[in-house]
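The values are calculated or read from the model by the stated rules, or taken from the named source; none is laboratory data. No experiment lies behind these values; they were computed from the predicted model shown. So basically every Cβ, Gly included, is an ideal-geometry build from the backbone, and we count neighbours across all protein chains shown.
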Amino acid sequence: MAALRTISFDGVIVGGGGAGMRAALQLAQSGYKTAVISKVFPTRSHTVSAQGGITCAIASADPNDDWRWHMYDTVKGSDYIGDQDAIEYMCSVGPEAVFELEHMGLPFSRTEEGRIYQRPFGGQSKNYGEGGQAARTCAAADRTGHALLHTLYQGNMKNNTVFFNEWYATDLVKNQDGAVVGVIAICMETGEIVYVKSKATVFATGGAGRIYASTTNAHINTGDGIGMALRAGFPVQDIEMWQFHPTGIAGAGVLVTEGCRGEGGYLINKDGERFMERYAPNAKDLAGRDVVARSMVLEIIEGRGCGPEGDHVFLKLDHLGEEVLESRLPGICELSRTFAHADPVKEPVPVVPTCHYMMGGIPTNVHGQALTVDANGNDQIIPGLYACGEVACVSVHGANRLGGNSLLDLVVFGRASGLYIENALRSGIEMRDASDSDIEQARSRLDKLNQSSGGENVAALRKELQSTMQNHFGVFRNAEFMQKGIEKLADLRGRIENARLDDKSMAYNTARIEALELHNLFEVAEATAIAAEERKESRGAHARDDFQERDDANWLCHSLYFPTDKRVGKRAVNFEPKTVETFQPKARVY
Amino acid sequence: MLQVSIYRYNPETDSEPYMQDVQVDTGGKDLMVLDVLELIKSQDTTVTYRRSCREGVCGSDGMNMNGKNGLACITPLSETVRNNKLVLRPLPGLPVVRDLVVDMSMFYAQYEKVQPFLMNDTPAPAIERLQSPEEREKLDGLYECILCACCSSACPSFWWNPDRFIGPSGLLQAYRFLADSRDTATEERLAKLDDPFSVFRCHGIQNCVNVCPKNLNPTRAIGHIRNMLLSRAT
């Protein structure tokens, strides 16, 4: 095997979405040699699809707003398995991080006072749940992700960050001490394979919604970071926790923002009934996403779904009037007309719960340092590896993420990772070089794929994987169904590992990338399945027919999936915020 | 069966590009053009194109469909197919990397040239910089650009001078910062644009407006920049 070309950096960020670019910006400003590896041009990353906004107590809509109220909502939303030190950090640092974005040029919508416009979102309250609905989500119309991602790209351009656009990272390189010392990456345009060596490798690879057949996620959301971590033998946390967004457009899967309900829209069943009043008498349509999604599925199961098949419900918006819709929700009007053939100004939008967000991921501390646990259950930092954004599980979302918290998560922890790495680099990072065999090990999967001759078609296998996950690990779960799903996955593993690559050319070979992505999708799916079967309770997004209650005695903890022996362990949740009293678990009602 | 004709070129194996005819069973549905490409790729994995969000917000899948630039993911067959025929070509005027994938470096270089980031030399306040809803409204129709290159690659002036004419997309972004009440670098920005090529190669034929998948109006933005340059000169 010919030796690979090596490129060296102080910090390498894998992923050019919001988290990756915020981390990169921090490092680029520090003067350290930084590169971003992104499989798409950065502004094509999935952050661009975020619509409704970034939730943060900047006290614009309500001058008395308090980040502690936001923290309370987030802890409650997480169904109490979000780490309170991390949530405290996110909510308290949030305003600073949001103002930085504004100073960078993010075109937020404005109030009459000239401040950032904030809209109500689900699960938001004033005064620790006692003061009614809050309006805490900072918005740029309904294109906040677009505005945020472009602003971050522009900020990186201003600071001369090095981008490897349309490069694809395939696997982690570990040295003999088990430290991460970079990644193997392919330049898509030329097909060249390179060892990108780095003192700090930051995974900001986003989610993996494409493990499901019906998802709001982009084609590119294939869990590449999770796949790489699992193959390197590192664990993932709470990976059974998948958010199904209440309002994906039926059939198309395209998202319409929770901001629609924040602005006054509501869900109706076939009888025209505003059914959320029955399920969540106080918050109604702005209850937690898990609660709303389950209520919708129950309406459909009980025969009150809409349409000829009765397989969706309606989101009613027309009563808001054309002016509000066109100024506050212009993107939604566009998407609805294109994908639902429904004009929200005149008619309701057909919607159905759709896979949206991976709450679990690579466990990290608040500095973005990736963690594993030793034999005694103590946290161990994985040297050289960091994660932020959706791929990470820090954990601020626990068992259910609140709307608007993902953009805040990625900005705050992208920034925190960058800050930590900057300091670590300043005090000096020493790691042993990877040996030739370490590098060979890391590229072995790629080599095997390139030599494949037989095997099955990638698109067909992907479809089979997605329908397995959709059918066996959806909104409602039970042991019997999940076990069948796990059996199907066991059968799929070998077939996917041996999938066929017909196209061996070097030039912009997307078939090769899709085959590699399929391996990652599979790793995420299998971890999800095994962890979901193991967690014998209902909490947040994980709802089981056979264990309908939350079980704090046994499961008020993170799950930790270890890939080497496919074992599910437990890891303690942090209940020790630094500046406020612990929020004790209580019944979660909206 | 829909008759699809796709531009094919793999620099490793083809001495020159060719059109490949494929028949696609759409099941009678009004699919998006991207769905059709995905159906084709599930059979022939060598067919190459970019795609990401599949909902018209990331700008990956700009291409030329039956002679008109647009995004494959939000273009329904009913909007583009005539006589049961769909001809797919890469965006015109840019070098082809492979099949429908074009080299966008020249396009991005023009974007970078306009310094598309906020410049403000006053110290930042502890909170956000204030901006009235009226001032903010001036950015509507500008900040939504997704850099898909449909406009610039439909512009003859850009085909002729891709190195010197900024092109509609870059100029739309130039004006997005000129129009931002928070930006203090108006003079510096205008000085950089004040030459015979950067702005004035636009002849107002509005191909850009005609193809923009986000319904933006680069020609109007260019008109505003012209006026600013002219009033600066007098």
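Would you pick out the residues in the stretch B:141-165 that are closer than 22 Å to A:Leu149 by Cβ and of a type in the set (A, V, I, L, M, F, W, C)? Steps first, answer last, please.
If we filter the stretch B:141-165 for residues that are closer than 22 Å to A:Leu149 by Cβ, which is where we start, we get B:141-152.
B:Leu142, B:Cys145, B:Ile146, B:Leu147, B:Cys148, B:Ala149, B:Cys150, B:Cys151, listed by residue number.
Just to be sure I understand, how many residues within the stretch B:93-109 are surrounded by fewer than 19 Cβ atoms within 10 Å (Cβ to Cβ) and part of a loop (DSSP other than H, G, I, E, B)?
Qualifying residue count for the region: 2.
Among the residues of the stretch A:167-188, write down those that are more than 22 Å from the chain's Cα centre (by Cα), of a type in the set (A, V, I, L, M, F, W, C), within 30 Å of B:Val101 (Cα to Cα) and outside any loop (DSSP other than H, G, I, E, B). First the steps, then the outcome.
Taking the stretch A:167-188 first, the residues more than 22 Å from the chain's Cα centre (by Cα) are A:173-182, A:184-188.
Keeping just the survivors that are of a type in the set (A, V, I, L, M, F, W, C) gives A:173, A:179-181, A:184-188.
In the following step, the residues that additionally are within 30 Å of B:Val101 (Cα to Cα) were identified as A:184-188.
Matches in the stretch A:167-188: A:Ile184, A:Ala185, A:Ile186, A:Cys187.
Mind listing just one residue for me: the one in the stretch A:436-460 that is over 17 Å from A:Ile193 (Cα atoms) and more than 14 Å from chain B (Cβ to nearest Cβ) and, of those, modelled with the highest pLDDT? It would help to see each step written out before you state the result.
Our first condition is that a residue be over 17 Å from A:Ile193 (Cα atoms); within the stretch A:436-460, this holds for A:452-460.
When the remaining residues are screened for being more than 14 Å from chain B (Cβ to nearest Cβ), the result is A:453-454.
Numbers: A:Ser453: 88, A:Gly454: 91.
Among them, the one singled out is A:Gly454.
Quick one: in the stretch B:71-123, of everything that is small (Gly, Ala, Ser) and farther than 25 Å from A:Tyr153 by Cα, which residue is farthest from the other protein chains (Cβ to nearest Cβ)?
Keep residues of the stretch B:71-123 that are small (Gly, Ala, Ser), which gives B:72, B:78, B:93, B:105, B:109.
Pick out the ones that are also farther than 25 Å from A:Tyr153 by Cα and you get B:78, B:93.
Working: B:Ser78: 11, B:Gly93: 18 Å.
Per the stated criteria, the residue is B:Gly93.
Scan the stretch A:322-345 for residues that are farther than 14 Å from A:Thr257 by Cα, in contact with a helix residue (DSSP H, G or I) (Cβ under 8 Å, 6 or more places away or on another chain) and aliphatic (A, V, I, L, M) and jot them down.
A:Ala342, A:Val345, listed by residue number.
For the stretch A:389-444, what are the residues that are more than 22 Å from A:Gly77 (Cα to Cα), surrounded by 17 or more Cβ atoms within 10 Å (Cβ to Cβ) and among the hydrophobic types (A, V, I, L, M, F, W, C)?
A:Ala416, A:Ile421, A:Ala424, A:Leu425, A:Met431, A:Ala434, A:Ile439, A:Ala442
Of the residues in the stretch B:130-141, how many are in a loop (DSSP other than H, G, I, E, B), at the interface with chain A (Cβ under 7 Å from one of its Cβ atoms) and buried (at least 18 other Cβ atoms within 10 Å of the Cβ)?
Going through the stretch B:130-141, the residues in a loop (DSSP other than H, G, I, E, B) turn out to be B:130-132, B:138-141.
Restricting the remaining residues to those that are at the interface with chain A (Cβ under 7 Å from one of its Cβ atoms) gives B:130-132, B:139.
Imposing the further condition that a residue be buried (at least 18 other Cβ atoms within 10 Å of the Cβ) reduces the set to B:131, B:139.
Residues that pass the stated criteria total 2.
Select, from A:Ala3, A:Ala28, the only residue that is more than 19 Å from A:Gly384 (Cα to Cα), modelled with pLDDT under 95 and not aromatic (Phe, Trp, Tyr).
Numbers: A:Ala28 fails: more than 19 Å from A:Gly384 (Cα to Cα).
Only one candidate passes the filter, namely A:Ala3.
What number of residues within the stretch A:104-121 are at the interface with another protein chain (Cβ under 7 Å from one of its Cβ atoms), surrounded by 21 or more Cβ atoms within 10 Å (Cβ to Cβ) and outside any loop (DSSP other than H, G, I, E, B)?
2
Is there any pair with a first residue in the stretch B:1-28 that is more than 14 Å from chain A (Cβ to nearest Cβ) and a second that is β-branched (Val, Ile, Thr) and not in a strand (DSSP E or B) whose Cβ atoms are under 6 Å apart and which are 6 or more apart or on different chains, and what are they?
Once the first residue is more than 14 Å from chain A (Cβ to nearest Cβ) and sits in the stretch B:1-28, its partners that are β-branched (Val, Ile, Thr) and not in a strand (DSSP E or B) give B:Leu2/B:Thr26; B:Val22/B:Ile40; B:Val24/B:Val36.
Per-residue answers, yes or no, for (1) within 12 Å of chain B (Cβ to nearest Cβ); (2) more than 20 Å from A:Phe413 (Cβ to Cβ); (3) in contact with a Lys or Arg (Cβ under 9 Å, 6 or more places away or on another chain):
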site	(1), (2), (3)
A:Trp167	no, yes, yes
A:Thr190	yes, yes, no
A:Ser214	no, yes, no
A:Asp224	no, no, yes
A:Phe244	no, yes, yes
A:Val254	yes, yes, yes
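Each row is one residue, and each column tells you yes or no for (1) without any contact (Cβ under 8 Å) to a residue 24 or more places away in the chain; (2) in contact with a strand residue (DSSP E or B) (Cβ under 7 Å, 6 or more places away or on another chain); (3) surrounded by 18 or more Cβ atoms within 10 Å (Cβ to Cβ).
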| residue | (1), (2), (3) |
| --- | --- |
| B:Tyr111 | no, no, yes |
| B:Leu118 | no, no, yes |
| B:Trp159 | no, no, no |
| B:Pro162 | no, no, yes |
| B:Ile166 | no, no, yes |
| B:Ala191 | yes, no, no |
| B:Pro196 | yes, no, no |
| B:Cys212 | no, no, yes |
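Having 2 or more residues that are aromatic (Phe, Trp, Tyr) is the bar; report the helices (runs of 4 or more DSSP H) wholly within the stretch A:405-485 that clear it. Lay out the reasoning, then the answer.
Values: elements: A:405-427, A:436-450, A:458-472.
Per the criteria, A:405-427.
Test A:Asn378 against the criterion of being over 14 Å from A:Val236 (Cα atoms) and without any contact (Cβ under 8 Å) to a residue 24 or more places away in the chain, and give yes or no.
Numbers: over 14 Å from A:Val236 (Cα atoms): yes; without any contact (Cβ under 8 Å) to a residue 24 or more places away in the chain: yes.
Answer is yes for this residue.
Do we have any residue at all in the stretch A:453-464 that's buried (at least 19 other Cβ atoms within 10 Å of the Cβ) and under 17 Å from A:Cys355 (Cβ atoms)?
Yes.
Among the residues of the stretch B:112-144, which ones are within 14 Å of A:Gly114 (Cβ to Cβ), more than 24 Å from the chain's Cα centre (by Cα) and not acidic (Asp, Glu)?
B:Pro125, B:Ile127, B:Arg129, B:Leu130, B:Gln131, B:Ser132, B:Pro133
What are the residues in the stretch A:74-92 that are farther than 15 Å from A:Cys138 by Cβ and in a helix (DSSP H, G or I), if any? Let's see the steps before the verdict.
Initially, the stretch A:74-92 is screened for residues farther than 15 Å from A:Cys138 by Cβ, giving A:74-89, A:92.
The answer is A:Thr74, A:Val75, A:Lys76, A:Gly77, A:Gln84, A:Asp85, A:Ala86, A:Ile87, A:Glu88, A:Tyr89, A:Ser92.
What are the residues in the stretch A:141-165 that are facing another protein chain (nearest Cβ under 10 Å), part of a loop (DSSP other than H, G, I, E, B) and touching a Lys or Arg at 6+ places or on another chain (Cβ under 9 Å), if any?
Residue satisfying the conditions is A:Ala141 alone.
The rows are residues; the columns are (1) β-branched (Val, Ile, Thr); (2) in contact with a strand residue (DSSP E or B) (Cβ under 9 Å, 6 or more places away or on another chain).
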| position | (1), (2) |
| --- | --- |
| A:Cys306 | no, yes |
| A:Lys316 | no, yes |
| A:Leu320 | no, no |
| A:Thr338 | yes, yes |
| A:Pro350 | no, yes |
| A:Cys355 | no, yes |
| A:Met359 | no, yes |
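Can you tell me which residue is farthest from A:Glu517 (Cα to Cα) among those in the stretch A:442-451 that are of a type in the set (S, T, N, Q) and out of contact with any helix residue (DSSP H, G or I) (no Cβ under 8 Å at 6 or more places or on another chain)? Full working, then the answer.
If we filter the stretch A:442-451 for residues that are of a type in the set (S, T, N, Q), which is where we start, we get A:444, A:450-451.
From the residues that got through so far, the ones that are out of contact with any helix residue (DSSP H, G or I) (no Cβ under 8 Å at 6 or more places or on another chain) too are A:444, A:451.
Values: A:Ser444: 15, A:Gln451: 17 Å.
For the stretch A:442-451, the residue satisfying everything is A:Gln451.
Being touching a strand residue (DSSP E or B) at 6+ places or on another chain (Cβ under 9 Å), under 27 Å from A:Ala507 (Cα atoms) and surrounded by fewer than 20 Cβ atoms within 10 Å (Cβ to Cβ): is that true of A:Ile184 here? Walk me through it before giving the result.
Details: touching a strand residue (DSSP E or B) at 6+ places or on another chain (Cβ under 9 Å): yes; under 27 Å from A:Ala507 (Cα atoms): yes; surrounded by fewer than 20 Cβ atoms within 10 Å (Cβ to Cβ): no.
In short, no.
Suppose we keep only residues that are within 14 Å of chain B (Cβ to nearest Cβ) and surrounded by 21 or more Cβ atoms within 10 Å (Cβ to Cβ) within the stretch A:466-510. Which one would you say is farthest from B:Asp61 (Cα to Cα)? Before you say what the answer is, go through the steps one by one.
First, pick out the residues of the stretch A:466-510 that are within 14 Å of chain B (Cβ to nearest Cβ): A:466, A:499-510.
With the extra rule that they be surrounded by 21 or more Cβ atoms within 10 Å (Cβ to Cβ), the set shrinks to A:499, A:508-510.
Details: A:Ala499: 26, A:Tyr508: 15, A:Asn509: 16, A:Thr510: 14 Å.
Restricting to residues being within 14 Å of chain B (Cβ to nearest Cβ) and surrounded by 21 or more Cβ atoms within 10 Å (Cβ to Cβ), the top hit is A:Ala499.
Which of the residues belonging to the stretch A:12-31 are over 21 Å from A:Cys393 (Cα atoms) and out of contact with any Gly (no Cβ under 6 Å at 6 or more places or on another chain)?
A:Ala28, A:Gln29, A:Ser30, A:Gly31
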